[in-house]
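One structure is given here, and the rest of the page talks about it.
The values are calculated or read from the model by the stated rules, or taken from the named source; none is laboratory data. These numbers were taken from a predicted model, which means no experiment stands behind them. Cβ atoms come from the backbone with ideal geometry, glycine included; neighbour counts cover every protein chain shown.
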Amino acid sequence: MHVAHYRQVQAPVGASECLRRSTGGYVATMSEEEIRNLERRGPELVYMAVADDIARRISSGELGPGDRLPGELDMVARYGIARMTASRAVRELRERGLVQTVRGKGTFVI
């Protein structure tokens, strides 16, 4: 069984409260390869691992305000996940208040 490694992250002011509320101030640090190799029937939710990875990229500044997230098909290829899983990961990021989706344009970091 895979065990995620956790570390305290410094998030931008807007994202820090959302990260704290959703993860208790900790974000799982899993590489794309680790996400690909997650036991799909195991206790970890794949969409949460993907959402946590993107949230980490936002908090580190790799993705800044106004940046467009990769599309669902790009996430499918990058993480080796189903399209529905990519969609659920984006929904999770919206619920955390980290991104906004504009129909026909894409999903952008707030």
Can you tell me how many residues within segment 56-104 are touching a strand residue (DSSP E or B) at 6+ places or on another chain (Cβ under 8 Å) and not in a helix (DSSP H, G or I)? 13
Does any residue in segment 99-110 that is in contact (Cβ under 8 Å) with a residue 40 or more places away in the chain come within less than 9 Å, Cβ to Cβ, of a residue that is among the hydrophobic types (A, V, I, L, M, F, W, C) and loosely packed, with under 10 Cβ neighbours inside 10 Å six or more places away or on a different chain, and which pairs are these? F108/V102
Pair list, Cβ < 6 Å and 6+ apart or interchain, from segment 23-36 residues that are in a loop (DSSP other than H, G, I, E, B) and surrounded by 13 or more Cβ atoms within 10 Å (Cβ to Cβ) to residues that are among the hydrophobic types (A, V, I, L, M, F, W, C) and modelled with pLDDT under 80: M30/A4
Please state which of the following conditions V76 fails to meet, knowing it meets all the rest: (1) at pLDDT 75 or above; (2) of a type in the set (V, I, T); (3) surrounded by 20 or more Cβ atoms within 10 Å (Cβ to Cβ). (3)
As an exercise: evaluate R68 against (1) surrounded by fewer than 13 Cβ atoms within 10 Å (Cβ to Cβ); (2) at pLDDT 95 or above and give the number of the one condition it does not meet. (1)
